[in-house]
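Each remark here refers to the structure printed beneath this line.
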Amino acid sequence: MHEIAASLALAGDLVASGDARLAAIVGLSLQVSLTATLLSCMLGMPLGALLAVGRFHGRRPLIVLSNGLMGLPPVVVGLLVYLLLSRAGPLGEFGLLFTPAAMVVAQTVLVTPIIAALTRQVVEDEWREYREQLRSLGASRIRSARTLLWNARFSLTTSGLAGFGRAIAEVGAVMIVGGNIDGVTRVMTTTIALETSKGDLPLALALGAILIGVVLALNAGAYALRNWAERRWG
């Protein structure tokens, strides 16, 4: 019990002092996960909107696929991305393996299906409500998808947050493609796993507290933004 209390105290000191190693790990984690989430939103939201309003052959299988891919095992994604980026793979010449860029690719593959599936559900609800109005205005399905995405922009923050939560909490894929190299590709989750196995609990606890704090802060901000939007625009 005394050892745990001492570790918690040291963890608090690391956070309070702005430890340089701690700051670098947190900074890289945010850079990788926010970039991956942004790319996933750019890919997944238009895809989800088109699945919601589109009527084309193979739509239902694509919906089932996007829902199923929400549960992609991170280690499998890491393995596939590793094979693509390794020297023997088709993208090996770019030298991305064991870099933050490879970690962004892996997280983007993981997060895009989540954002696409959640966006489809939100836009589909909007489509049911505004379909006749959009049709009466002569809007094409693509234009309708864009309009509904904008109309549901505040609701879609939940999709983005779900994607970010998956990205920043991920361990297996980023460890495989990033290599967990100190000062290069070591992020919060991989550091927590490594330092816990080594018995360095203060650093692991400090990073764990920051990780939870980041997720809670972003969710609180999104909640406040949505409430503000509802009060302003009804």
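Number of residues in segment 141-156 that are in a loop (DSSP other than H, G, I, E, B) and out of contact with any Leu (no Cβ under 9 Å at 6 or more places or on another chain) equals 3.
So, in segment 184-221, of the ones that are charged (D, E, K, R) and farther than 18 Å from Glu170 by Cα, which residue ends up modelled with the lowest pLDDT? So the residue we want is Asp200. Among the residues of segment 131-152, not a single one is of a type in the set (S, T, N, Q), buried (at least 21 other Cβ atoms within 10 Å of the Cβ) and within 26 Å of Leu79 (Cα to Cα). Among the residues making up segment 183-218, those that are of a type outside the set (Lys, Arg), under 18 Å from Val104 (Cα atoms) and assigned to a loop (DSSP other than H, G, I, E, B) are Gly183, Val184, Thr185, Val187. Highlighted here are the helices (runs of 4 or more DSSP H) found entirely within segment 1-104 that include at least 1 residues which are within 21 Å of the chain's Cα centre (by Cα): 20-53, 59-68, 74-85.
The rows are residues; the columns are (1) crowded, with 18+ Cβ neighbours inside 10 Å; (2) closer than 30 Å to Arg120 by Cβ; (3) in contact with a Lys or Arg (Cβ under 6 Å, 6 or more places away or on another chain).
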{"position": "Gly160", "(1), (2), (3)": "yes, yes, no"}
{"position": "Glu170", "(1), (2), (3)": "yes, yes, no"}
{"position": "Gly178", "(1), (2), (3)": "yes, no, no"}
{"position": "Val184", "(1), (2), (3)": "no, no, no"}
{"position": "Met188", "(1), (2), (3)": "yes, no, no"}
{"position": "Leu203", "(1), (2), (3)": "yes, no, no"}
{"position": "Leu207", "(1), (2), (3)": "yes, no, no"}
{"position": "Ile210", "(1), (2), (3)": "yes, no, no"}
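Residues that are closer than 30 Å to Tyr130 by Cβ and touching a residue at least 12 places away in the same chain (Cβ under 8 Å) do occur in segment 55-63, at least one of them. Looking only at segment 209-234, which residues are in contact with a helix residue (DSSP H, G or I) (Cβ under 7 Å, 6 or more places away or on another chain), under 16 Å from Phe164 (Cα atoms) and not hydrophobic (A, V, I, L, M, F, W, C)? Once the filter is applied, which keeps residues that are in contact with a helix residue (DSSP H, G or I) (Cβ under 7 Å, 6 or more places away or on another chain), under 16 Å from Phe164 (Cα atoms) and not hydrophobic (A, V, I, L, M, F, W, C), segment 209-234 yields only Asn219.
In segment 99-125, the residues that are touching a residue at least 12 places away in the same chain (Cβ under 8 Å) reach residues that are of a type in the set (Lys, Arg) with C-beta atoms within less than 9 angstrom, at least six apart or across chains, in these pairs: Gln107/Arg166; Leu110/Arg166; Val111/Arg166; Ile114/Arg166.
The values are calculated or read from the model by the stated rules, or taken from the named source; none is laboratory data. Since the model is a prediction, treat every value here as computed from it, not as a measurement. All Cβ positions, even for glycine, are placed from backbone atoms using ideal geometry, and neighbour counts span all protein chains on display.
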